[in-house]
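> Pasting in a structure now, in structure tokens, and then I'll have a few things to ask.
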Amino acid sequence: MQEIWHLDGRRTRSISAENPTGEPGAGGRAISGTGAYAAAGLGRGWKVSPSVDIGPGQTVTLADITGPGVIRHIWLTTDRTLLRHFTLQVYWDGALEPAIAVPLGDFFCNGWEQLALVNSQMVVVAPAGGLNSYWPMPFGTNALITLHNGTERTAPVYYQITYLEEEVPHESGYLHARWRCSDPLGSPAVHPLVEVMGGPGRYVGTYLAIEPRVPGWWGEGELKFYLDDDGEFPTICGTGTEDYFGGAWNFDLNGAQVPYSTPYLGLVQVQPRDRIYEPQQRFGMYRWHIPDPICFEHSLRATVQALGWREDGHYLPLEHAHVATTALWYQSVG
């Protein structure tokens, strides 16, 4: 909103199955595609190619964009039961390794099979499986976005990637995202969120999916951020898992763990909703560090503990828990 009124010459482009190059005047020209049968008799320009089919084990390029520019919005939908089995990868400026490599569901705060709606500033998941990202993604010379189907069946993918052709300042950070899964967590019950070498950078987001696999409360563990020259002890140390995600007191309100979704943090997955403190429950939560980024100069390491309670009042390390996290940060690549 701070810049929407500023007429500065930037140009909008959008890539989809109807305009796979994003070129001016190139949308809706397809004469074949997944909608060709439905459009029979209507002719060219009538939703002939609204999606792509991605086969088992296949990797498809969704966008290959020449820069400079900034991706402003990604919308995508597919079979919502397969979200964790697709992998989103993004490469900046011809890099051989992806800066973003995350299961599709976890990137959109949906690590578990049952769809959860999300209403945040950076990620929106709308009925009935519309996945939206508003993370700004600057790039200098090129942005390459691919999607890999790790399932054994073909699935349709509908998508639209909107970007602005604009100059990118030299001091811009490029968005990075990494997924890590500990299953089981093991001993010590500490899950590595991320380890970043190089900088400067800003850590901007966490999504956590956990299945505790023991009865009782599971979220006493602290999140710790080791900045730059930190050694054994971190600069930033929280007070508990639900506290980091903006909640309190086990997320327990009158005997129920109540989901919520706000611009910067939320507990969006409580599965099943009608139970509490059971071993096989599954939870998903996010926090976006937009007004409060975690800044580092040359390195960052972040961890989360998984702790419950023993009957004698001592903490219980949750060594058998399933813990998966997506960490997002901006980092200089120059």
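> Can you tell me which of (1) more than 21 Å from the chain's Cα centre (by Cα); (2) of a type outside the set (F, W, Y); (3) more than 19 Å from I15 (Cα to Cα) is the one P192 doesn't meet?
Looking at each condition in turn, P192 falls short on (1).
> Continuing with the same structure: In segment 89-121, which residues are within 17 Å of R180 (Cβ to Cβ) and in contact with an Asp or Glu (Cβ under 9 Å, 6 or more places away or on another chain)?
G105, W112
> Another one. Working carefully through the options R287, R213, R282, R202, find the one that is more than 24 Å from the chain's Cα centre (by Cα) and modelled with pLDDT of 95 or more.
R213
> Need at least 2 residues that are open to solvent by 30 Å² or more (accessible area, probe 1.4 Å) and not acidic (D, E) per element, so show me which strands (runs of 3 or more DSSP E) inside segment 235-301 make the cut, counting only ones lying wholly within it.
282-288
> Still on this structure, I have one more. Note down all Cβ pairs under 6 Å where the first residue falls in segment 282-303 and is closer than 22 Å to I210 by Cβ and touching a residue at least 40 places away in the same chain (Cβ under 8 Å), the second is open to solvent by less than 10 Å² (accessible area, probe 1.4 Å) and part of a loop (DSSP other than H, G, I, E, B), and they're at least six residues apart or on different chains.
Close Cβ pairs satisfying both conditions: G284/G111; M285/F245; Y286/C109; R287/F245.
> Applying the selection to segment 94-108, what residues are out of contact with any Phe, Trp or Tyr (no Cβ under 6 Å at 6 or more places or on another chain) and charged (D, E, K, R)?
Scanning segment 94-108 gives a single hit, E97.
> State whether the residues of segment 324-333 include one that is open to solvent by less than 50 Å² (accessible area, probe 1.4 Å) and modelled with pLDDT under 95.
For segment 324-333, residues open to solvent by less than 50 Å² (accessible area, probe 1.4 Å) and modelled with pLDDT under 95: present.
> Which ones in segment 78-90 are surrounded by 17 or more Cβ atoms within 10 Å (Cβ to Cβ) and either within 17 Å of Q160 (Cβ to Cβ) or β-branched (V, I, T) (or both)?
Within segment 78-90, T78, F86, T87, L88, V90 qualify.
> If you don't mind, another one. Any idea which of (1) open to solvent by 70 Å² or more (accessible area, probe 1.4 Å); (2) out of contact with any strand residue (DSSP E or B) (no Cβ under 6 Å at 6 or more places or on another chain); (3) not basic (K, R) is the one Y315 doesn't satisfy?
(2)
The values are calculated or read from the model by the stated rules, or taken from the named source; none is laboratory data. Everything numeric in this text was worked out from a predicted model, so none of it was measured. Quick reminder, even Gly has a Cβ in these numbers, built from the backbone with ideal geometry, and neighbours come from all protein chains shown. SASA here: full protein model, heavy atoms, side chains in, ligands and nucleic acids out. Shrake-Rupley method; radii C 1.70, N 1.55, O 1.52, S 1.80 Å.
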